[in-house]
Amino acid sequence: MVLALPRKYQSLPSLRVGLQSAALLSVIAGYVLLFVINAGLADAQRRDNHQRFATSLLLQLRSTTPPALPLENQTLQIRLHSQGPELLPQQQSLAGGEQWLVSRRRVSRVQGDWQWLELRQNITHSLAHERFSQLLLLAVAGGSILLTFVLLRLVLRRGLLLPLQELDRQFQALDADNLGDHLLDQDHLPHELRPIALAFNHLQQRLAVAWKLESSFVDGVAHALRTPITLMSGHAQRLQRHPLPLELQRPISVMASEAKRMGLMITMLRDLSRANAGRLDLHLEPLDVDQQLLIAYERLAFVADGRLLFPSPASESPSTLIGDYCLLQDCLDALVSNALLDSEGPVSLEASIEEDWIVLHVLDSGNGMSSSERSLELQRFRSGTSSSRLRGSGIGLSLVDALLKAMDGNLQIADVPDGGADCQMRLRRSCSPPSP
């Protein structure tokens, strides 16, 4: 069950993209605010200078030696008007594209009359210089944003992305067999990720202890049940050798077959537990492929009731594989038994060579397996449902997969073109001749 986080705690689709976007937006917003403040301060400075100049002119006009007016040139125009009104400094645009700052203030002269002083300043050059400064600031802002993006990307990659990728690689390398053996290295992680690694290491250690206890429990149960089940099977077989009443023949036969099936299941549980714990007694040696298939065919042909087929080898050249004889035969037994259970048609034993691999095929004529069922079939105590007429224990294929991995091989399940499943035991090819 997956627990959904509250809406306010839900994370972004990408933390890296979110951090980069937030940082860039913050830098851009800062520079926009700087542009606005700089433009406002420049305009306020121009108007303040204009007001100061107008005030100084008013003082001169009130003196005994006022300046000669009007005064006009390309940058400054000063006139006296007999009528108002007063005008605060404001910007005006002329036809030639020039920009002027104009104000009008009331002044009383020494003669006692009232006039209005009109001051006009050409601010075209000042505005051009301001625009140049803004363009220069814009270029600096663009370079700063680009540098911020590059540095932030580098920091996020080295401080977040690469450590997370390394954590993911270490997570993927973990398996039930090596829990607790490879703890995550916290010293090379950023401080923000160390609590995650520490919590995962503690969880891994607890799981390792639980896994070892489970393996020991399964191994102990298998060992404890093996003796009574063997006794039950032996008593049932001994009773079958004597004449029995008709009403007891069927129950004794069922008891014998079920005791045999339970004994086989206990053996598989024991082998699976030992494989998980790495305590299998392996004797790897070169084995002749055709001979191994022939041995399995001769042993299983009787119980297969004529449904097991062993075609002639396609190639005359002998081929050998590296494996353990007993474990290899156990794997073939499990796959053939599973194929006979899952289909009503014939089951074939074949072999092929793929580069450095020897592939032993167990092909049935059932309905095949979907991709979802293939993953279920290799899980412990799980079995597919669409193709099986009878539900098994779910140990067989998982045990085969564990035994093959112990022999540096693997189990794959493919589809047969004409229908059915192809269980492939892939083992390493040997260049040495088989042992005599």
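The values are calculated or read from the model by the stated rules, or taken from the named source; none is laboratory data. Predicted model, so just to flag it, every value in this text is computed and none were measured. Positions of Cβ are backbone-derived with ideal geometry, glycine not excepted, and every protein chain shown enters the neighbour counts.
Kindly indicate which of Ile353, Ile322 is buried (at least 16 other Cβ atoms within 10 Å of the Cβ), at negative phi and assigned to a strand (DSSP E or B).
The conditions single out Ile322.
Considering Leu164, Leu213, Leu146, which residue is part of a helix (DSSP H, G or I), of a type outside the set (Asp, Glu) and modelled with pLDDT of 85 or more?
Leu146
Go over the candidates Ala29, Ala39 one by one and state the one that is touching an Asp or Glu at 6+ places or on another chain (Cβ under 9 Å), small (Gly, Ala, Ser) and farther than 18 Å from Ser103 by Cβ.
The conditions single out Ala39.
Of the conditions (1) loosely packed, with under 11 Cβ neighbours inside 10 Å; (2) under 30 Å from Ala141 (Cβ atoms), Ala39 satisfies every one except a single condition; which number is it?
Of everything listed in (1) loosely packed, with under 11 Cβ neighbours inside 10 Å; (2) under 30 Å from Ala141 (Cβ atoms), Ala39 misses just condition (1).
State all residues of segment 177-215 that are acidic (Asp, Glu) and within 19 Å of Leu161 (Cα to Cα); if no residue qualifies, say none.
Asp185, Asp187, Glu192
I'm trying to understand the selection: among the residues of segment 139-165, which are without any contact (Cβ under 8 Å) to a residue 24 or more places away in the chain and surrounded by 15 or more Cβ atoms within 10 Å (Cβ to Cβ)?
Scanning segment 139-165 gives no hits.
Any residue in segment 254-282 that's β-branched (Val, Ile, Thr): show its pairings with residues that are surrounded by fewer than 18 Cβ atoms within 10 Å (Cβ to Cβ) and at pLDDT 75 or above at Cβ separation under 6 Å, as long as the two are six or more apart or on different chains.
The qualifying pairs are Ile266/Leu225; Ile266/Arg226.
Quick one: which of Ser375, Ser365, Ser370, Ser343 is surrounded by 19 or more Cβ atoms within 10 Å (Cβ to Cβ), assigned by TED's automatic domain parsing to the domain that holds Lys405 and either under 22 Å from Ser398 (Cβ atoms) or at pLDDT 90 or above (or both)?
Only one candidate passes the filter, namely Ser343.
Kindly indicate which of Arg238, Arg250, Arg261, Arg206 is part of a helix (DSSP H, G or I) and either touching a His at 6+ places or on another chain (Cβ under 7 Å) or modelled with pLDDT under 80 (or both).
The conditions single out Arg261.
Do you know which residues across segment 166-198 are surrounded by 11 or more Cβ atoms within 10 Å (Cβ to Cβ) and basic (Lys, Arg)?
Of everything in segment 166-198, just one residue is surrounded by 11 or more Cβ atoms within 10 Å (Cβ to Cβ) and basic (Lys, Arg), namely Arg194.
Are any of the residues in segment 89-97 touching a residue at least 24 places away in the same chain (Cβ under 8 Å) and either among the β-branched types (Val, Ile, Thr) or over 17 Å from Ser126 (Cβ atoms) (or both)?
Within segment 89-97, none of the residues are touching a residue at least 24 places away in the same chain (Cβ under 8 Å) and either among the β-branched types (Val, Ile, Thr) or over 17 Å from Ser126 (Cβ atoms) (or both).
Spot the failing condition for Ala259; the list is (1) in contact with a Gly (Cβ under 9 Å, 6 or more places away or on another chain); (2) more than 30 Å from Ser348 (Cα to Cα), and only one is missed.
Single failed check for Ala259: (2).
Of a type in the set (A, V, I, L, M), modelled with pLDDT under 85 and surrounded by fewer than 12 Cβ atoms within 10 Å (Cβ to Cβ), is that true of Leu280?
Criteria not met by Leu280.
I'd like the full set of residues that are modelled with pLDDT of 90 or more, of a type outside the set (D, E, K, R) and touching a Ser or Thr at 6+ places or on another chain (Cβ under 9 Å), limited to segment 285-301.
Pro286, Leu287, Val289
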